[in-house]
Amino acid sequence: MKSAALTELDTLKAEFAISLTAAEAASDDAELQRLRSSFFGPKGKVTLLLRSVGQLPAEERPVAGKVINQVRQELEGQLVLVLSRHEELARKAALSSHRLDTTLPGRQPVPMGAVHPVHRVVARMTELFVRMGFEVATGPEVELDELNFGALNFPDDHPARDMQDTFFVRAPDERSFGRLLLRTHTSPVQVRQMRAEGAPIRIIAPGRVYRCDSDASHSPMFHQIEGLWVEEGVSFAHLKGVLTSFIHSFFGERGVRFRPSFFPFVEPGAEVDIGCVFCGGKGCRVCKHTGWMEILGAGMVHPNVLEACGIDAEKNTGFAFGVGVDRIAMQLYGIDDLKHLFTSDVRFLESL
Ligand code: PHE
């Protein structure tokens, strides 16, 4: 004759089997978890039954305990099996709903920055002059009238100032500084350096300059590299030698032509042309069919400038030159409007 406990165990087994089938069909685990606690939790039916073994007659206890324990393990095993089947199904569903298509193109990489075309030209030019022993010097973009013009042999109210349409800056303490302006060339850097160092001196001054000018080939802000070499015995031959060597290294072998020109701070002064970079001198649209492209101004530093900078003009001579970098970048990259360089449209800059 079966003990009451074991009969009850049979009932529980049947009940469990039915509940498990129902819980397995449910879409989530909630039912299975409930089933687990109602059978095997601290107050679960099987747990209580197991606990009731203590009240059975002593001879029934070992058998009842053993059987109930076996059944408990068996049922719990079934439940765990169903739980893990559920888990597997959920995982498969998640995977197929977030299907990963490895044939899709990858995400765009974060774009790398690059050096602006104007600064690429500045860097290449600077390097060539540094190799010839020039040091790089810089100065402020808001400059004293006296350094931008006065010390460079532009007398006050002299018409030569009209060559450089100037942005003047209204400063509160003009009286103590004198008139301020946005430098129209980097020549004031040369004045500053000559006053600070004296001769001998061999510098280049790259930087931004400003003139009140704006069309396809003029921008109110543009870039220059100016050079200066002052020392005993420096002659026009040195000027031609240094500039010709620079031009050949930068643009390749080609014609170089010095035309007389006027700048207040040099005497004699010249404008320098090179054989057109595009047609090699035959004549094309870019060089306006002349075969030449003007690229810089140069000359022997005027004695008035040396004296204004505290350098003995009896003993020292020197030359200076100034290159417009943007115009050269335009020509090298085939850009037809200077403003493209400064509107910061990345699509345009990337196309260069
Ligand atoms: N400073 C001149 C300019 O900007 C260029 C130049 C420099 C010309 C040195 C001659 C000598 O126009």
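Observations on the structure shown:
- For first residues located in the range 155-168 and in contact (Cβ under 8 Å) with a residue 24 or more places away in the chain, partners that are among the polar types (S, T, N, Q) and lie 6+ apart or on another chain with Cβ distances below 6 Å form the pairs Gln164/Thr184; Thr166/Thr184.
- Qualifying residue in the range 309-324 (condition: of a type in the set (Val, Ile, Thr) and at pLDDT below 95): no
- On inspection, Gly269 fails the criterion of being in the same structural domain as Asp336 (by TED's automatic domain parsing), modelled with pLDDT under 95 and over 22 Å from Lys339 (Cβ atoms).
- Residue within the range 254-262 that is under 25 Å from Val130 (Cα atoms), basic (Lys, Arg) and within 16 Å of the ligand (Cβ to nearest atom) present: yes
- Candidate set from the range 4-38 (those that are out of contact with any helix residue (DSSP H, G or I) (no Cβ under 6 Å at 6 or more places or on another chain) and hydroxyl-bearing (Ser, Thr, Tyr)); member that is modelled with the lowest pLDDT: Ser27
- Candidate set: the range 167-210, residues that are within 16 Å of the ligand (Cβ to nearest atom) and at pLDDT below 95; chosen: the one surrounded by the fewest Cβ atoms within 10 Å (Cβ to Cβ): Phe167
- In the range 325-338, the residues that are of a type in the set (Phe, Trp, Tyr) form Cβ pairs under 6 Å with partners that are surrounded by 18 or more Cβ atoms within 10 Å (Cβ to Cβ), at six or more places apart or across chains, as follows: Tyr333/Pro117.
- Figure legend. Inter-residue proximity from the range 244-268: first residues over 17 Å from Gly291 (Cβ atoms), second residues assigned to a strand (DSSP E or B) and open to solvent by 30 Å² or more (accessible area, probe 1.4 Å), beta-carbon distance below 6 Å, spacing 6+ or different chains. Indicated pairs: Thr244/Val256; Ser261/Glu271.
- Residue within the range 269-282 that is open to solvent by less than 50 Å² (accessible area, probe 1.4 Å) and closer than 24 Å to Gly198 by Cβ present: yes
One line per residue, one yes/no per condition, for (1) within 25 Å of Val325 (Cβ to Cβ); (2) assigned by TED's automatic domain parsing to the domain that holds His340; (3) among the hydrophobic types (A, V, I, L, M, F, W, C):
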residue: Gly106; (1), (2), (3): no, no, no
residue: Arg124; (1), (2), (3): yes, yes, no
residue: Val136; (1), (2), (3): yes, yes, yes
residue: Glu174; (1), (2), (3): no, yes, no
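- Leading residue by the ranking (nearest to the ligand (Cβ to nearest atom)) among those in the range 305-333 that are open to solvent by 60 Å² or more (accessible area, probe 1.4 Å) and in contact with a Leu (Cβ under 9 Å, 6 or more places away or on another chain): Arg327
- Taking each residue of the range 174-198 that is in contact (Cβ under 8 Å) with a residue 60 or more places away in the chain and looking for partners that are assigned to a helix (DSSP H, G or I) and away from the ligand (no atom under 11 Å from the Cβ) with beta-carbon atoms closer than 6 Å, six or more apart or interchain, yields Val191/Leu147; Val191/Ala151.
- Counting only helices (runs of 4 or more DSSP H) that sit wholly inside the range 39-140, those with at least 2 residues that are open to solvent by less than 100 Å² (accessible area, probe 1.4 Å) and at pLDDT below 90 are 45-52, 61-97.
The values are calculated or read from the model by the stated rules, or taken from the named source; none is laboratory data. None of these values were measured; they are calculated from a predicted model. Here Cβ is always computed from backbone atoms with ideal geometry, including for glycine, and neighbour counts include all displayed protein chains. Remember, those area values only see protein heavy atoms, side chains included, never the ligands or the DNA or RNA. Shrake-Rupley method; radii C 1.70, N 1.55, O 1.52, S 1.80 Å.
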